[in-house]
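Peer 1: Take a look at the following structure, please.
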Amino acid sequence: MSRRIGVLVVVSWLLAAAMGCAGESESDRPPEVAASTLPRTTSQSITITLTERVETVGREACHTFGESGWEPHPDGCEVEVMVHEYAARFGDEIVTTSNHDNVNVDPLYAMQLVERTLTDGVSLVVVMPPPHAPVVRLIDSTGEVVDQVTPTDRVVALAGLGADLTAEALSAGGLILAACPPDGVLHDGIIYQCTLVPGAGIPSTTTTFIDS
């Protein structure tokens, strides 16, 4: 009888230890990272969707200078472009933003801030992260992660509750490669949209004063 009780105690102890280890590994596990493919729902129950449509816009350089002077562009003065419209819905609140297919890439920045749109309660941030960043996240002023994804497209849409949210691109080791805070990045007394590319040449304007 005593031997049977001893066996039961040992089995109970092993089960408790296994459950304890399982709970510990669960708590130590990093937050699950979802793919950035849309539509998707964030951890704060914000649903992000993407709608694509084709629009006809005026060509930037409609006329070219030829032998007989200024001539219309051979392909006409209008061109079709793909427009991507992102929408973030939280309950009855919706925030939207849109951009053309050809996102303006500024070599000055490590991460491109495509759009940042917000309402009183919801922020929608669209970025083009560095190509070598496996994780892109959105954090609030306390450092809490409100949205986090693995980029599956060239442009990534993130959403969160509040207006003071910062988009960050992380390396595989968890290092911050680039950030786009709501108030910009201060560098040498100048505020930029996002983190600058290491060694990037800062554009400067020189004014020459001539003494009369």
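Peer 1: Please count how many residues of region 176-193 are in a loop (DSSP other than H, G, I, E, B), more than 16 Å from residue 141 (Cβ to Cβ) and out of contact with any Asp or Glu (no Cβ under 9 Å at 6 or more places or on another chain).
Peer 2: 2
Peer 1: Give me the pairs, please: first residue somewhere in region 86-97 and farther than 15 Å from residue 39 by Cα, second residue anywhere and small (Gly, Ala, Ser) and surrounded by fewer than 20 Cβ atoms within 10 Å (Cβ to Cβ), beta-carbon distance under 8 Å, and either six or more positions apart or on two chains.
Peer 2: 93/121
Peer 1: Search region 22-57 for residues being in a loop (DSSP other than H, G, I, E, B) and modelled with pLDDT under 90, and hand back the single one that is nearest to the chain's Cα centre (by Cα).
Peer 2: Result: 33.
Peer 1: Those residues that are crowded, with 16+ Cβ neighbours inside 10 Å and among the hydrophobic types (A, V, I, L, M, F, W, C), I need them from region 83-102; list them, please.
Peer 2: Residues satisfying the conditions are 87, 88, 90, 95.
Peer 1: Answer yes or no: is there a residue in region 73-82 that is at pLDDT below 85, of a type in the set (Val, Ile, Thr) and surrounded by fewer than 11 Cβ atoms within 10 Å (Cβ to Cβ).
Peer 2: Within region 73-82, not a single residue is at pLDDT below 85, of a type in the set (Val, Ile, Thr) and surrounded by fewer than 11 Cβ atoms within 10 Å (Cβ to Cβ).
Peer 1: Restricting to region 176-188, give me the number of residues that are loosely packed, with under 10 Cβ neighbours inside 10 Å and at pLDDT below 90. So that I can check it myself, show each step before the final result.
Peer 2: Residues of region 176-188 loosely packed, with under 10 Cβ neighbours inside 10 Å: 183, 188.
Applying the additional criterion that residues be at pLDDT below 90 yields 188.
Residues flagged as loosely packed, with under 10 Cβ neighbours inside 10 Å and at pLDDT below 90 within region 176-188 amount to 1.
Peer 1: Moving to a separate point now. With the requirement that a residue be β-branched (Val, Ile, Thr) and either loosely packed, with under 14 Cβ neighbours inside 10 Å or part of a loop (DSSP other than H, G, I, E, B) (or both), what does region 138-175 give you?
Peer 2: 142, 152, 155
Peer 1: Confirm whether residue 60 is among the charged types (D, E, K, R), part of a loop (DSSP other than H, G, I, E, B) and either under 14 Å from the mean Cα position of the chain (by Cα) or exposed (fewer than 15 other Cβ atoms within 10 Å of the Cβ) (or both).
Peer 2: In short, yes.
The values are calculated or read from the model by the stated rules, or taken from the named source; none is laboratory data. Since we're looking at a predicted model, the values are computed, not measured. Don't worry about glycine lacking a Cβ; one is built from the backbone with ideal geometry, like all the others, and counts go over all protein chains shown.
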